[in-house]
Amino acid sequence: MIVKVNKLDFYYGKFQALIDVNLEAKKNEITALIGPSGCGKSTFLRCLNRMNDLIEGTRTTGEIFVEGENILDPNTDLVKLRKKVGMVFQRPNPFPLSVFENIAFGPRVHHLAKGKELEEIVRQSLEAVLLWDKLKDQLSRNALTLSLEAQQRLCIARLIAVKPDILLMDEPCSALDPVSTQRVEELMQILKQDYSILIVTHNMQQAARVSGFTGFFLLGKLIEFDITGRIFTAPRDRRTEDYITGRYG
Amino acid sequence: MKNLFEFIVEKAIFLSGAASIIFVVLIFIFLLKEGLALFGEVNFFAFLFGQNWYPISDPPQFGILPLIMGSVFVTFGAIVIAVPLGLAAAIYISEVAPHSIRGFLKSGIELLAAIPSIVLGFIGIIFLAPLLKNIFHLGSGLTALAGSIMLAFMALPTIVSIIEDAIVSVPRSYKEGALALGATHWQAIYRVTIPAAASGILAAVMLGIGRVVGETMAVLMITGNAAIMPTSLLQPVRTLTATVAAEMGEAVSGSSHYYSLFAIGIVLFIISFIINIFADIFLHRSKAMKRRKK
């Protein structure tokens, strides 16, 4: 188990957004988190790299083990944690810099490489997201001028450049058209050989297509967590069944 | 009846709006009319690039290059001082300061803009000039540097508030992306936020320059007023604005001297016009980014 969550409670001020969440995610597997809007799935994802720390007035209790270490420990080194647990956002958010600088950003802040070595990392990272052939002659192009799909791939490449172990994806395809979505999903299948992926998605079909395990969130609780095939064919909980059959959500 | 009222209000607003443009045009025409009269007697290039400003000698010489260089030296010094300070202050206010003191700091800096320039001139004469004199062992502390320091304080409010605006309008997602990659707060600021705010920062620099170039009273009091070609910031200089202010009272109306001061006015007008255009271009780019945020 690369991620193990025990009795996680999370509060925005007085509002409890996550209630007693327990979950285990496997290494080199894609774990999907589904559920209606506002059910806490993004909040949960953002607990795993402590991005919620940026919001004032939040409180987290419980335990989250990432590779055996409890990251809710106050002594956790956030820089190291976020290097290990990378995040892809809902809207592609490349920096307003060149393609090269976008990918070089991570290696630079972590002092991983410079010069020729850095160029090599940039090449490998772009190759990993299948952008190298398209962009190898345009490394100085402003990343904001790329298509949304290419921007999202670039954001993934930017993570890969710091060699994380876990990729968190918060609705990574919601800004993309169906064809781009399909290509990003194919990319995820390739990436799972080297990384463990947790993906939040609004799109149940996407969860069914890409993931090995699926968790269903409702009103801050993890209602059901199981092998994806079982969640979509034989859910144990009535609420999961109602959701996947489209009775609400 | 109602329509008539609407009509009157509409026209009145239009006229008020048009008035400012009409005034600018009229002022420029007036300046041209008075200033261009000089070039009947004095060669244009001798005026712009002449190294001697002796308007009441016989024969008079109207070379304003020393005055232009005076303005350039004072402005350059002021910007070199004000931009790093302003940038640091803006970063502190927008990114570091706790919410509770943010508003307090902002109004404090805006208060700096409310200090009359003559007061800054006083402080310059009484406090700053003797200080510079002692530090650099000068004959007089009334130098370009003294002017630069005081003007830097005058330009700071403009620079800080525009840079702060630019930083705040950088999309949050850039910073989040940087932090999610394991960048520290400071790395996120200087590697992502500041480059993203670059056009706003340039606009702030431009408007700061505009503020400094046009300032008159304080520089007249503390820069020493010697119309000679400056070679260092530790020399007394005289700026374009100070020249007009100091000599307008004694120039005989209709004389070449009188016209030459208007010609200086034209030069100043053109300089601030160009600076404003650049500031506008940069501000425009910065606003375009703000729109992308949505």
For this session: Please identify every one of the GluC sites (Glu not before Pro) in segment A:51-135 that sits in a loop by DSSP and has no more than 11 other beta carbons within 10 Å of its own beta carbon.
Result: A:Glu56
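How many times 2.2 N^0.38 Å is the alpha carbon radius of gyration of chain B?
1.20
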Exercise. All other residues with a Cβ under 12 Å from the Cβ of A:Asp77 taken together, and with Lys, Arg as +1 and Asp, Glu as -1, what is their net charge?
Worked result: +3
Exercise. Ratio of Rg to Rh for segment A:3-244, alpha carbon only, Kirkwood?
Worked result: 0.97
Seminar exercise, completed: Bridge orientation stat for the protein assembly as shown from DSSP, antiparallel percent rounded to 5, came to 60 percent
Problem set entry | Estimated 222 nm signal from helices in chain A, with DSSP H stretches of n ≥ 4 weighted -39500 (n - 2.57), rounded to 500 | -10000 deg cm²/dmol
Exercise. Where in segment B:244-260 does the label zone of B:Ala37 land, with the point 7 angstrom along Cα→C-beta and an amide N cut-off under 14 Å?
Worked result: B:251-260
Exercise. Counting DSSP beta bridges with both partners in chain A, what percentage is antiparallel, nearest 5?
Worked result: 60 percent
Exercise. Roughly how much of B:Ile277 is accessible, in Å² to the nearest 10, using a 1.4 Å probe?
Worked result: 80 Å²
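Need the full-extension length gain, B:Ile277 to B:Ala226, defined as separation in residues times 0.36 nm minus the C-alpha distance. One decimal, nm. It would help to have the intermediate numbers written out before the result.
On the way: separation 51, 0.36 × 51 = 18.36 nm, distance 3.12 nm.
This chain segment gains 15.2 nm when fully extended.
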Exercise. Among all stretches of chain A without exposed trypsin sites (Lys or Arg not before Pro) (DSSP loop, at most 12 other Cβ atoms within 10 Å), which one is longest?
Worked result: A:115-235
Problem set entry | Relative contact order, percent, chain B [alpha-carbon distance under 8 Å, six or more residues apart] | 26 percent
For this session: Please report, in whole Å, how far the alpha carbons of the protein assembly as shown spread along each principal axis, starting with the longest.
Result: 105, 74, 49
Problem set entry | Highest-fluctuation residue, B:Gly17, B:Gly86, B:Gly177 considered, GNM on chain B with Cα pairs under 10 Å | B:Gly17
Exercise. Along the Cα-to-Cβ line of A:Ile19, 7 Å from the Cα, sits a label point; which residues in segment A:36-70 have backbone N less than 19 Å from it?
Worked result: A:36-45, A:59-63
Exercise. So how far apart, in nm, are the two label points at B:Phe14 and A:Glu56 if each is 7 Å from Cα heading toward Cβ?
Worked result: 4.8 nm
For this session: Note down the magnitude of the dipole of chain A about its Cα centre, charges +1 on Lys and Arg C-beta and -1 on Asp and Glu C-beta and zero elsewhere, to the nearest 20 debye.
Result: 160 debye
For this session: Could you let me know the centre-to-centre spacing of segment A:50-101 and segment B:230-282, using Cα atoms, in angstrom?
Result: 56 Å
For this session: Quick one: order A:Asp137, A:Asp237, A:Asp53 from most to least accessible surface, probe 1.4 Å.
Result: A:Asp137, A:Asp53, A:Asp237
For this session: Given a cut-off of 24 Å, name the pairs among A:Lys4/A:Lys83; A:Lys83/A:Lys221; A:Lys14/B:Lys106; A:Lys136/B:Lys175; A:Lys84/A:Lys221 whose C-alpha atoms lie farther apart than that in the structure shown.
Result: A:Lys83/A:Lys221; A:Lys14/B:Lys106; A:Lys136/B:Lys175; A:Lys84/A:Lys221
For this session: Compute the FRET efficiency between B:Phe76 and A:Asp133 as 1/(1 + (r/R0)^6), taking r as their Cβ-Cβ distance and R0 = 51 Å, and round to the nearest 0.05.
Result: 0.55
Seminar exercise, completed: With Cα coordinates, the longest principal axis of chain A makes an angle with the long axis of helix A:115-128, in degrees rounded to 10, of 50 degrees
For this session: Please check chain B for the longest run free of GluC sites (Glu not before Pro) that are loop-located per DSSP (anything but H, G, I, E, B) and have at most 14 other Cβ atoms within 10 Å.
Result: B:42-249
Exercise. Among B:Met1, A:Met204, what's the order by accessible area (1.4 angstrom probe), most exposed first?
Worked result: B:Met1, A:Met204
Exercise. What total accessible surface area, summed over both chains, is buried at the interface between chains A and B, computed with a 1.4 Å probe and given in Å² to the nearest 100?
Worked result: 1800 Å²
For this session: Report in % the part of the accessible area of chain B that belongs to carbon and sulfur, leaving out ligands and nucleic acids; probe 1.4 Å.
Result: 72 percent
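The values are calculated or read from the model by the stated rules, or taken from the named source; none is laboratory data. Here the structure is a predicted model, which is why all the values come from computation and not from measurement. Because the Cβ atoms are built from the backbone with ideal geometry, glycine has one as well, and the counts that use them run over all protein chains shown. In case anyone asks, the SASA skips ligands and DNA or RNA and just uses the protein heavy atoms, side chains included. Shrake-Rupley method; radii C 1.70, N 1.55, O 1.52, S 1.80 Å.
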